[in-house]
Amino acid sequence: MTTTTTTTTTTTVLLPRFRAVIVTVQLCGLMFFSSFCNGIVVVALPAMQSGLGLDEGLLVWPSSSYYLTAGSCLLLAGSIADAAGAKRVQLVGSLLAAAFTLGCGLARTGGELIAFRALQGVTNAIISPSSISIISSSLEEGRPRNMGFACLGFSQPLGFGVGLVLAGVLTDTIGWRPAFYLAAAASLALFLLSIWALPPDPRRPEADQPVWRRLALHIDWVGLLFASTGLAMLSYVLASMSSDINNIHQAPSIVLLVISGFSIPAFAAWMHYQSKNNRTALIPNSLWRSRVFTSSCILILLTNAITNCMELYSSLFFQQVQGISALGASIRVLPSLLAGVLTSILTGIFVNRMPVLWTVLISSALSATAPLLMAFIRTDQVYWENAFFGQILSPISCDMLFTVGLLIISDVYPKHMQALGGAVFNTCAQLGAAVGLSVAQVVASSVTSNVASSSADKSSPDALMKGYRAAFWLMFGCMVAVCFVSALGLRKVGVIGVKRD
């Protein structure tokens, strides 16, 4: 039986169990194939580099461009989903996902691949907040909603893992392009399913207004301009530094950094003005005074950065240093994704029974040992000694925090702004990945270049390993910071995800 819940602002319809399962599968399918493409890029990157003529300095751009655009567009997409309707936005995003994924498979140059990956990031930004809004609005509070968020969480490492393995097989046989074609076809099928499966948007008092009027009146466009511009410019400068650290001295980079720095106080001042006049504010300044909210955003930023860097640099270590094939590297990274899936499922089941502080702190301490193991690894070391345990421990903190963080954020934001709340959370995650990949690349490239200056070849395994080792040490330092933030910021959090009367 369908249950209807009415508040003073929004009327929501809770789905019966079978329909809720179908909707969750459809939403998770889109997240699955978005991450599936990320897995393709990670394992097939050396083949893409040689086949498309991708410069060494642009090696992380097929990944970082995705996170750059995703992080910059999430707040805009979340605001539009709240104003225009999550279902409408979800349909547009799923159709564009199929088109841009096909474009990645058809790319003929490194520039084209980077451009289509950036557009894939835009579609991820469209899909993610609307998916969170649909689950938050349509699934019953308590375990059903907990499992819905957990499924969104584990669909990403699962998709990444399948993408790794399948792309590894295809890269070593017929090439990496068919993997993108498969993802495009599946995304198109999910778009067709979503036309029927997704529930109508919750009824709101302003629903009788035309869509254009809702977009004009119920979105903080000035706040979006400050936030999105600042995020995009900062991410772009960091990504450009990954190709050449000396780019920081160029005039365009300096100008962009200044504008990005100015956008932070400007955004805060605008949020104060909006809140003072009882108008819509993207992220009210009062939220940052909440230790739990601020800590959750910092934690997902850092852990997502470290997890993505671990996946990329582990794959590069296996292929570029140890000389293992793409398929062999994907199989070696696979335990990380399986551990992530298991972590998300268990978190969804037991989150309403777990003490949040100790769960986050222990999982963060376990994940901190992963980059430490990779930092000490020898180039000829057997996989089962260090790398295997590093891969298993790497995703535990991030995948557990994804479910916990979403529950915290969805509790902070009102019902009619759930997509925006999800966008804020995912912006932190995507920004973390973009910044993490760029900073790690800068560190690894700088160390490798310094080593190569005293030797012959900076592409030699020994020179590359020096850079990779420095990147792993950077990841370890960030995970130590995660442990401190967890202890300080979540110490007063009780049990979450419990159904309220």
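Summary of computed values
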{"read-out": "Residue satisfying all of: in the range 336-364; in contact with an Asp or Glu (Cβ under 6 Å, 6 or more places away or on another chain) and of a type in the set (Gly, Ala, Ser); nearest to Phe476 (Cα to Cα) among these", "value": "Gly340"}
{"read-out": "Checklist (1) modelled with pLDDT of 80 or more; (2) among the aliphatic types (A, V, I, L, M); (3) under 25 Å from the mean Cα position of the chain (by Cα) applied to Ile283, failing item", "value": "(1)"}
{"read-out": "Filter result for Leu302 (within 18 Å of the chain's Cα centre (by Cα), at pLDDT below 85 and of a type in the set (A, V, I, L, M, F, W, C))", "value": "no"}
{"read-out": "Options Gly148, Gly103, Gly168, Gly142: the member that is over 19 Å from Gln430 (Cβ atoms), out of contact with any helix residue (DSSP H, G or I) (no Cβ under 6 Å at 6 or more places or on another chain) and not acidic (Asp, Glu)", "value": "Gly142"}
{"read-out": "Check on Ala189, in a helix (DSSP H, G or I), at pLDDT 85 or above and closer than 15 Å to Ser35 by Cβ", "value": "no"}
{"read-out": "Where Ala84 falls short, out of the listed (1) more than 21 Å from Ala197 (Cα to Cα); (2) surrounded by fewer than 24 Cβ atoms within 10 Å (Cβ to Cβ); (3) touching a Lys or Arg at 6+ places or on another chain (Cβ under 8 Å)", "value": "(1)"}
{"read-out": "Thr69 touching a Lys or Arg at 6+ places or on another chain (Cβ under 9 Å), among the β-branched types (Val, Ile, Thr), part of a helix (DSSP H, G or I) and at pLDDT below 85", "value": "yes"}
{"read-out": "Residue within the range 227-247 that is in a loop (DSSP other than H, G, I, E, B) and either buried (at least 19 other Cβ atoms within 10 Å of the Cβ) or not charged (D, E, K, R) (or both) present", "value": "no"}
{"read-out": "All helices (runs of 4 or more DSSP H) inside the range 257-356 with 3 or more residues being buried (at least 21 other Cβ atoms within 10 Å of the Cβ)", "value": "291-316, 326-350"}
{"read-out": "Every pair of residues 6+ apart whose Cβ atoms lie under 9 Å, when the first sits in the range 156-169 and is under 19 Å from Cys28 (Cα atoms) and touching a residue at least 24 places away in the same chain (Cβ under 8 Å) while the second is surrounded by fewer than 24 Cβ atoms within 10 Å (Cβ to Cβ) and among the polar types (S, T, N, Q)", "value": "Gln156/Ser35; Pro157/Ser35; Leu158/Ser35; Gly159/Ser35; Phe160/Ser35; Gly161/Ser35; Val162/Ser35; Gly163/Ser35"}
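The values are calculated or read from the model by the stated rules, or taken from the named source; none is laboratory data. What you see is a predicted model; the values in this text were computed from it and never measured. Cβ sites come from the backbone with ideal geometry, for glycine too, and all protein chains shown count toward neighbours.
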